[in-house]
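In what follows, a single structure is set out as structure tokens and then discussed.
Rule-based calculations on the coordinates, nothing more; no lab input. Treat the numbers as computed from the prediction; the structure is a model and nothing was measured. With ideal geometry, Cβ positions are generated from the backbone for all residues, glycine too; neighbour counts draw on all protein chains shown.
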Amino acid sequence: MDESPNQVVDAMVRDFPGWEPGTRPAHAKGTGAKGFFKPTVVAGSEYCKAEPFAGPAVPVTVRFSNASGLWSVPDVAQNMRGMAVKFHLASGAVFDLIAMNVPVSPFRNLDEFLELASAAEPVPVHHQPRWRQILDLLALRQSPPAPPPGQQTSSVDGVFRFATTHPSSMDGVLSMSLASPPASYAQTAFHAIHAFLLTGANGVVRAVRFHWDPVSGGRFLTRADLPVEDNYLNTELTERLALAPVDFILRAQIGESGDDTSDPSKAWPWRRPIISMGTLRLTGLVEDQIADCERISFNPTRLVDGIACSDDPVLRARGPVYQASYERRTAVPCPFASPGQD
Ligand code: HEM
């Protein structure tokens, strides 16, 4: 396949009938927060000479999001969540680190991403009759999982078909399906998934994978929390930040020789050393959610000297697509800005 970045954005939009121009084609609903990142001494002196890790604390902008392309999606929807962090460096440079609450990807390259996007286009739901489910069971065939009651269209069958024809996608599809709604953005672990190359102060280059660990621990929504309002994650974060700051630790898992840096669908062995690169402290929400959150661009290839892309083809493909998407959505007014705000 040889799609242009704009065609990739079009393919993403087809998964979300009702998507609104002026919003992101994925992760359309977000909440912006601000704070600072303070590196640990060991990160800068040994593992990475780049400014975010080798200097003093720097201001950050963080956007938490729901992976859906619909900004009206209720927070309780079963879906993945994102955490995009922008480090505003003293030199004027900017470093973006984008992560999700799943550790691996269901696709290994742009072709597979597009295949999955096409498979995930919602189609009218076929409720399997009971007799068909029993026949499938007797023939040891897997019936597609039942769609939620009342739902007219679904992507589930398509994603399920993609998973069965792409065995490498199994870990990613499984973690996507298990990504239950979090109780709080402050209690969710996020993973940047790809390998990045860090150059240490002594010139040594190491492959790492980044993970954000919430200091308040992880917690999913439970039945006991229900019912919740459609924007409970935003409300919860606002109330939490009014009481105390929210901290995340940035950890780097250090790859060893032989670890595959090009395949985001496979986790590295858990025994790899993990070091703490620093602490991110959120102190409040950004004042202007439109200008300082919705209208800004995060890009996983926006890196600084000392941090480089690995040979992961998914990471490399994302750069131009995020840029095209940003240019498209900011060329039209933001649909949820109040008049005069955009
Ligand atoms: C080839 C694979 C991928 C493509 C083509 C793609 C494409 C996109 C696009 C076009 C956007 C909207 C960008 C904008 O308008 O500013 C987006 C947002 C996002 N993507 Fe991806 N994506 C891919 C893989 C991933 C992966 C592996 C992750 C996991 C870390 C990820 C996490 C996110 C997050 C968290 C956002 C929201 C960023 C924000 O808040 O601005 N994406 N993606």
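Figures for the structure shown
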read-out: Full-extension gain in nm, Glu3 to Ala90, via 0.36 nm per residue minus C-alpha separation; value: 27.6 nm
read-out: Fully extended contour minus Cα-Cα distance, from Glu46 to His127, at 0.36 nm per residue; value: 23.4 nm
read-out: Folded to 0 to 90 degrees: helix 232-243 orientation relative to the chain principal axis, Cα; value: 30 degrees
read-out: Calculated from backbone phi, Karplus (6.51, -1.76, 1.60) coupling profile of region 47-59 in Hz, x at Gly/Pro; value: 9, 8, 7, 5, 3, x, 9, 10, x, x, 4, 10, x
read-out: Rough spin-label spacing in nm, given labels placed 7 Å along Cα→Cβ, for Ala331 and Asp225; value: 3.9 nm
read-out: Helix 110-119 vs. the chain, principal-axis angle (Cα, 0 to 90°, nearest 10); value: 40 degrees
read-out: Residue exposure sequence - Thr279, Thr235 - by fewest surrounding Cβ within 10 Å; value: Thr235, Thr279
read-out: Rounded tilt (10° steps) of 156-165 against the dominant C-alpha axis of the chain; value: 80 degrees
read-out: Pairs of lysine residues in the chain - Cα separation under 24 Å, sequence separation of 8 or more or cross-chain; value: 5
read-out: Rounded, prolate or oblate (a/c below 1.5 giving rounded, otherwise prolate when a/b exceeds b/c) for region 169-246 by Cα gyration tensor; value: oblate
read-out: CD proxy at 222 nm, helix term only [per DSSP H run n ≥ 4: -39500 (n - 2.57); per residue of the chain; nearest 500]; value: -7000 deg cm²/dmol
read-out: Net charge of Cβ neighbours under 12 Å - reference Asp292; Lys, Arg +1; Asp, Glu -1; value: +1
read-out: Relative contact order %, the chain, counting alpha carbon pairs below 8 Å whose residues are six or more apart; value: 25 percent
read-out: For Ser154, residues with placed amide H under 5 Å, excluding near neighbours; value: Val123, Val125
read-out: Distance-filtered residues of region 318-337 - backbone nitrogen under 20 Å, label point 7 angstrom along Arg272 Cα→Cβ; value: 318
read-out: Residue exposure sequence - Val62, Val13 - by fewest surrounding Cβ within 10 Å; value: Val13, Val62
